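S.K.: Structure provided below as C-alpha cells; questions to follow.
Read-outs throughout are calculated quantities, based only on the coordinates presented, and are distinct from any laboratory measurement. Everything quoted here is computed from the prediction, not taken from an experiment. Counting neighbours? That spans all protein chains shown, and the Cβs are built from the backbone with ideal geometry, glycine included.
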Amino acid sequence: MDDNTGSGVLAAVAAELADVWAHLLRSEVQDLETAEGLVRERLLAIGAQLLEAGLAVRGTGKTGPRHACACGAEGCFVGYRTKEIQTVVGWITVRRAYYTCRACGTGQCPLDTTLGLARDSLSPGVRRLSARLGALLPFAEAAATLAATSQGQLSASTVRTVTQRVGARCEQALATEIAAAWTQGGPVVPTPPPERLYVAMDGVRILSTDGTGREVKVGVVVPVRVTPAGERRAAASYAAGLEPAVCFGSAPGAGGASPWPGRGRAGRGPRRWRGVDLAVGGRALPPGHPDRRLVPRQ
Ligand SMILES: [Zn+2]
C-alpha cells in the first residue's frame, strides 16, 4: 500500500472505528446481543473496505500491452473491467486489466487467476464456506447458515452448484490419491503398525430422490493389539463411498480375491469380518501382494 493511499484508508478506518465506539456508548445499546451485532456488522464493513483498498493498491494484474493466451498466441490489453465480488466480509469491487486474443477471440483478466476468481461472483473464502456448509446441510439451510455466519448471500441453487463443483474436484483428488496408494503404497506412518487389523466391508442400497438406487460401500478397519490378557482394539476407521466394489478396495494380502462376500448374505455380519495379521510395516500393500506375512484370517 503506498503511503498516500494507505494513510487515507487508515484515516477512514479510524473514523469508522471512532463512530462504532460512539455507538457502543449510546444508551440504546444496553444488551450484549445488540452490542455484539453492532460491532460485528461494522467491523465486517471495515474489513470489506480494507480488502477492497488493499487489492486496488496491489494492482490490476496488468502485465504490459500483451499477455500470453492459453492458445499460444498473445492477448492485447484493451482496458479495465470491474467485478463485484462477494467475500466473507461483504461485497467488494475489483478493477482488473482485460486482454483479448485476436487469434482465438478469448478475453481474460490475469488478475482473476492470481486472486482465484471464477466466472461467478464468489471469493475463494465464500466458495469454500458455501461448499462446506452445502456438504453438511440441505442447500437451503446451508444458504441460510452462510448468511447468518458471514456476509455471503447465496441462493440455495448457487450453494448446490458450488458444492457439487468443489465436491467433484475433491473426489478427483481423492481418486488420484487412492490410485497412487494402490500402486505405490500409502504414506509411511510414524507410529508402529498394529499387530492385527480387522477389516470389514459391506454395501447398502439407497434410493435416490428420483427413485433410482445406488449402493453405498462402507468399510471399517479396526487395529488390534494382542496382549496376554487378550485383544485390545483401538478406535475404528470408517470409509464410505458411492463406488463400484472394484474401486472401493481389494482384499489386502488375499491374493487379489474380492473382499466382498457376495450379495444376499446380509445378516451374517461376523462372517464378513476378516482379520489380517500385519507385520510388514505401516504401508498399505497393493492388491494381490505376495507377502505371506500378511495373512487373511477367516
Ligand atoms: Zn488466444
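S.K.: Short version: ³J(HN,Hα) in whole Hz for each residue of segment 146-158, in order, from phi by Karplus 6.51 cos²θ - 1.76 cosθ + 1.60 (θ = phi - 60°), x for Gly and Pro, what are they?
M.R.: Along segment 146-158, the couplings run 4, 5, 6, 10, 8, 8, x, 10, 10, 6, 4, 5, 5 Hz.
S.K.: How large is ³J(HN,Hα), in whole Hz, for each residue of segment 227-242 in order, when computed from phi with the Karplus curve 6.51 cos²θ - 1.76 cosθ + 1.60 and θ = phi - 60°, using x for Gly and Pro?
M.R.: In residue order, the calculated couplings are 10, x, 7, x, 7, 10, 8, 8, 4, 7, 10, 10, 9, 8, x, 8 Hz.
S.K.: Kindly provide log₁₀ I(q)/I(0) values, in the same order as q = 0.23 Å⁻¹, from the Debye equation applied to equal alpha-carbon scatterers of segment 1-58.
M.R.: -0.86
S.K.: Right, next: Using the Cα centre of segment 1-58 as origin and beta-carbon charges of +1 (Lys, Arg) and -1 (Asp, Glu), tell me which of VAL57, LEU32, ALA45 is placed farthest towards the positive end of the dipole.
M.R.: Highest projection toward the positive end goes to VAL57.
S.K.: Work from the charge dipole of segment 84-173 (Cβ charges, +1 for Lys and Arg, -1 for Asp and Glu, about the Cα centre) and give the residue of CYS101, PRO124, LEU137 farthest towards its positive end.
M.R.: CYS101
S.K.: Applying the Karplus parametrisation 6.51 cos²θ - 1.76 cosθ + 1.60 with θ = phi - 60° to the phi angles of segment 46-58, what ³J(HN,Hα) value in whole Hz is obtained for each residue in order, glycine and proline being reported as x?
M.R.: Values, residue by residue: 5, x, 5, 5, 5, 4, 5, 5, x, 5, 5, 5, 6 Hz.
S.K.: I've got another one for you. Name the residues whose placed amide hydrogens come within less than 5 Å of the amide hydrogen of CYS69, ignoring near sequence neighbours (fewer than 5 apart) on the same chain.
M.R.: GLU74, GLY75
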